[in-house]
Amino acid sequence: MVEYTLAMLLVAAAPNATSERREAFARCLKDHVRTSLDQKVDAAAFGSSLAAACKDKELALRNALIAADVAMGLKRAASEKSAGEQLADYRIMAKEDFEAAEKSP
């Protein structure tokens, strides 16, 4: 009974941890975009710097996503693939935001 209760508490806490880490990663990328625009970084340099930006927040989110999926019964390999796709989407959106802002007056 104690194990079941503990497992349920971990599953219930996982979405909150995931949400917090998701927000932290998104905020970090947004800050990177803003800083790069303020510094008038060109698109090629931004693309290179984006790959290295926010790695600590990315790792924290990746781990939280995988842990939440595994806790819900998904296989680890599928969870890792899904996390990788989600993280790639965040970086694509950051690049698109940079490019759109760079083109606007």
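Laboratory data are not the source of any read-out in this text; all were calculated from the coordinates shown. Keep in mind that this is a model prediction, so the values were computed, not measured.
Some points to look at:
- Here's how it looks for Leu74: its modeled amide H is under 5 Å from none belonging to a residue 5 or more places away or on a different chain.
- The string of couplings for the range 86-94 from the Karplus curve (6.51, -1.76, 1.60, θ = phi - 60°) is 5, 5, 4, 4, 4, 5, 4, 5, 5 Hz, one whole number per residue in order, with x for Gly and Pro.
- Karplus-derived 3J(HN,Hα), 6.51/-1.76/1.60, for each residue of the range 17-22, Hz, glycine and proline x: 4, 5, 4, 5, 6, 5
- All aspartates and glutamates inside 16 Å of Lys75 as judged from Cα atoms, apart from same-chain residues fewer than 8 positions distant: Glu85
- In sequence order, calculated HN-Hα J values of the range 67-76 (Karplus, 6.51, -1.76, 1.60; Hz; x Gly/Pro): 4, 5, 5, 5, 5, 8, x, 6, 6, 4
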